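Taking it in order: structure first as structure tokens, then the write-up.
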Amino acid sequence: MQKIDRVSADDHTALATDVGPAPMQVGAVVGLAGPEPSLEDLRERIGSALGAVPRFRQRLLQAPFGCGRPYWVDTEVEVDAHVTR
């Protein structure tokens, strides 16, 4: 049986209070030295690197009412939808 990986109490508090007209958003900017890679090459490089950080390949699901905090589940990442230039 697989252990359920729930969000921490601190993370749950941040999620509950991160509302309103200016919610906190997390993103990333990648600066590369050298020749400019094609967008396809960039997506391939980032997609292959996702394995090094398991949390980047997960998303949160809400637990059913009364069953505790949200929990992390593995998911397939659509790199094309997230990597743009």
> Can you tell me which of R45, R85, R55 is within 15 Å of the chain's Cα centre (by Cα) and of a type in the set (K, R)?
Replying inline: R55
> With the chain as the region, which helices (runs of 4 or more DSSP H) entirely inside it contain at least 3 residues that are surrounded by 11 or more Cβ atoms within 10 Å (Cβ to Cβ), modelled with pLDDT of 85 or more and touching a helix residue (DSSP H, G or I) at 6+ places or on another chain (Cβ under 9 Å)?
Replying inline: 39-49
>> I'm trying to understand the selection: among the residues of the range 1-43, which are under 23 Å from V73 (Cα atoms) and acidic (D, E)?
In response: D5, D10, D11, D18
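The values are calculated or read from the model by the stated rules, or taken from the named source; none is laboratory data. Fair warning: this is a prediction, and the values are worked out from it, not measured in the lab. Don't worry about glycine lacking a Cβ; one is built from the backbone with ideal geometry, like all the others, and counts go over all protein chains shown.
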